[in-house]
Amino acid sequence: SATDGIPDPALVVLVGASGSGKSTWAASRFRASEIVSSDALRAVVGSGEHDLDASADAFDLLDRIVAGRARRRLSVVVDTLGLDPTMRRAWLALARETGLAAVVVRLTAPERVVRQRNRERDRSVPAAVLTRQLRSARRAMAEIDAEGWDLVVDVVHEPEALPRERAPRPV
Ligand code: ATP
Ligand code: MG
């Protein structure tokens with residue numbers, strides 16, 4: 001769009017912890033057919049979006065769909081955590097091979113916002129898993145600058161939609 005400067009076609013890799021707002025952002029910006037989601041594909045080949053036993057099959061499908069769209073020079077948004085540098089490198093190479101703009105969208109929100117959103121969801125990620133994801137996300141955000149993407153877009157979620165944490169009142 002005019003605001004984020006993402007070309008069309010582009011191979012867009014979302015990066016952010018669970019609850020950082022990746023799928024929400026993608027849905028607001030791209031058509032459903034342009035978004036390839038590992039969660040959605042787990043539900044296709046497994047028992048639901050959180051069927052981790054279906055991950056290998058889901059990622060196998062995801063890679064084939066992303067490659068199929070990229071070879072046709074159609075925009076594609078990779079909706080996974082995006083935290084694995086080896087996977088990011090492969091998607092960047094695919095964008096180079098197919099001539100698509102190689103774009104990363106980094107989604108960040110304050111940790112308390114991510115944790116609160118996670119708690120409010122139907123199937124929340126265990127707190128310890130989220131802690132590891134948040135640490136891994138901080139590392140990924142730093143690494144991405146040196147990876148050679150054509151464009152890195154930062155989407156920072158404002159916490160004003162959530163009630164502020166108040167200091168305890170003095171007694
Ligand atoms: P996952 O990795 O688990 O798929 P995600 O990064 O795709 O997580 P979303 O599903 O997009 O995250 O968002 C998580 C929750 O946060 C949802 O309940 C969503 O409604 C809320 N949310 C996302 N973006 C915003 C926003 N900009 N403002 C307020 N709430 C938001
Ligand atoms: Mg999502």
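The values are calculated or read from the model by the stated rules, or taken from the named source; none is laboratory data. This structure is a prediction, so every number in the text was calculated from the model and none was measured. Note: ideal-geometry Cβ built from the backbone for every residue, glycine included; neighbour counts use all protein chains shown.
Worth pointing out:
- Residues satisfying the stated conditions in region 89-114, i.e. surrounded by 16 or more Cβ atoms within 10 Å (Cβ to Cβ) and outside any helix (DSSP H, G or I): Leu100, Ala101, Ala102, Val103, Val104, Val105, Arg106, Leu107, Thr108, Ala109
- One residue alone among Leu107, Leu94, Leu61 is over 17 Å from Leu151 (Cα atoms) and at pLDDT 95 or above, and that residue is Leu61.
Yes/no per residue for (1) aliphatic (A, V, I, L, M); (2) without any contact (Cβ under 8 Å) to a residue 60 or more places away in the chain:
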position: Asp57; (1), (2): no, yes
position: Val76; (1), (2): yes, no
position: Asp84; (1), (2): no, yes
position: Arg135; (1), (2): no, yes
position: His157; (1), (2): no, no
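- Against the test of being on the phi > 0 side of the Ramachandran plot and either within 16 Å of ligand 2 (Cβ to nearest atom) or polar (S, T, N, Q) (or both), the options Gly99, Gly82 yield a single qualifying residue, Gly82.
- Looking only at region 14-59, and only at residues there that are within 14 Å of ligand 1 (Cβ to nearest atom) and among the hydroxyl-bearing types (Ser, Thr, Tyr), the one that is surrounded by the most Cβ atoms within 10 Å (Cβ to Cβ): Ser20
- Considering residues of region 123-163 that are part of a strand (DSSP E or B) and modelled with pLDDT of 95 or more only, the residue nearest to ligand 2 (Cβ to nearest atom): Val155
- Per the listing Leu100, Leu81, Leu11, the residue uniquely modelled with pLDDT of 95 or more, away from ligand 1 (no atom under 16 Å from the Cβ), in contact with a helix residue (DSSP H, G or I) (Cβ under 7 Å, 6 or more places away or on another chain) and within 19 Å of Asp154 (Cα to Cα) is Leu11.
So that you can scan it fast, the table gives a plain yes or no per residue for (1) within 13 Å of Gly21 (Cβ to Cβ); (2) basic (Lys, Arg):
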position	(1), (2)
Ala102	no, no
Thr108	yes, no
Arg112	no, yes
Pro126	no, no
Thr131	no, no
Ala137	yes, no
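- Exclusive hit being of a type in the set (Gly, Ala, Ser), part of a helix (DSSP H, G or I) and closer than 20 Å to Val104 by Cβ, set Ser28, Ser33, Ser55, Ser18: Ser28
- Scanning region 115-126 for residues that are in contact (Cβ under 8 Å) with a residue 12 or more places away in the chain, surrounded by 11 or more Cβ atoms within 10 Å (Cβ to Cβ) and more than 8 Å from ligand 1 (Cβ to nearest atom) yields a total of 2.
- Put simply, of Asp60, Asp39 the only residue that is assigned to a helix (DSSP H, G or I), of a type in the set (D, E, K, R), farther than 15 Å from Val103 by Cα and more than 15 Å from ligand 2 (Cβ to nearest atom) is Asp60.
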